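Written below as structure tokens is the structure these notes are about.
The values are calculated or read from the model by the stated rules, or taken from the named source; none is laboratory data. Just so we're clear, the structure is a prediction, and the values are computed from it rather than from any experiment. Cβ sites come from the backbone with ideal geometry, for glycine too, and all protein chains shown count toward neighbours.
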Amino acid sequence: MKTKLFKIMFTFAAVMLLTAVLAVTASAEIINGDCGAEGYSLPYVLDTETGVLRITGRGVMVDYAPWYSYRSDIKTITIEKGVKSIGSDAFAFFENLTSVTIPDSVTSIGDSTFSHCESLTDVTIPDSVTSIGDFAFSCCKSLTDVTIPDSVTSIGFRAFVACDNLIEIKVDE
């Protein structure tokens, strides 16, 4: 009797474990698309399991990028060399975003691009950037330091407003 009960309990536990593993596996997605403005191709791949969004190609990014519905899944953004600009509101309200890599091909960061990215801790703006849009990094509550290269000739209105933990903005001379 004990052996039969043990087998039933073991089988039940195995089925429950398998169901949990399949549920976790089923929820992970690979999302592909294009975020290039008209005339440009900027393919992207989002792995919802790892939270990594990777943008490749050459050209200008659209405003209000297509991955907004996945914003809570995205933790890391890697923009590869060839992307010329980052669109307005492209990553606004990505509350779990902790890291972004901006290549030295980017010349402009649009309005509200990273606004309300409350987990973003630091940003390195490459020497190629000449303009940072209005409210570009507003309300990034975890942002502690930013380095702005001397190539930047325009910083938009309230670009760093309400960054409560921003201790230092370094400006290259």
The lone exception for H116 - which of (1) farther than 19 Å from I31 by Cα; (2) crowded, with 21+ Cβ neighbours inside 10 Å; (3) touching a Cys at 6+ places or on another chain (Cβ under 9 Å) it fails: (2)
Checking D89 against (1) assigned to a loop (DSSP other than H, G, I, E, B); (2) farther than 20 Å from I31 by Cβ, which single condition isn't satisfied? (2)
Residues in the stretch 28-49: is at least one in contact with a helix residue (DSSP H, G or I) (Cβ under 9 Å, 6 or more places away or on another chain), crowded, with 17+ Cβ neighbours inside 10 Å, part of a loop (DSSP other than H, G, I, E, B) and not hydroxyl-bearing (S, T, Y)? no
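Give V161, V146, V100, V106 a once-over and let me know the one that is crowded, with 17+ Cβ neighbours inside 10 Å, without any contact (Cβ under 8 Å) to a residue 40 or more places away in the chain and out of contact with any Lys or Arg (no Cβ under 9 Å at 6 or more places or on another chain).
Result: V100 is the single residue among V161, V146, V100, V106 that is crowded, with 17+ Cβ neighbours inside 10 Å, without any contact (Cβ under 8 Å) to a residue 40 or more places away in the chain and out of contact with any Lys or Arg (no Cβ under 9 Å at 6 or more places or on another chain).
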Kindly indicate which of K75, K84 is of a type in the set (K, R) and more than 12 Å from the chain's Cα centre (by Cα). K84
Selection over the stretch 105-150 where residues are modelled with pLDDT of 95 or more, in a strand (DSSP E or B) and polar (S, T, N, Q) yields a count of 2
Can you tell me which of (1) in a strand (DSSP E or B); (2) more than 10 Å from the chain's Cα centre (by Cα); (3) farther than 22 Å from S131 by Cβ is the one P66 doesn't meet? (1)
How about the stretch 73-86: which of its residues are surrounded by 17 or more Cβ atoms within 10 Å (Cβ to Cβ) and not in a loop (DSSP other than H, G, I, E, B)? I77, I79, V83, K84, S85, I86
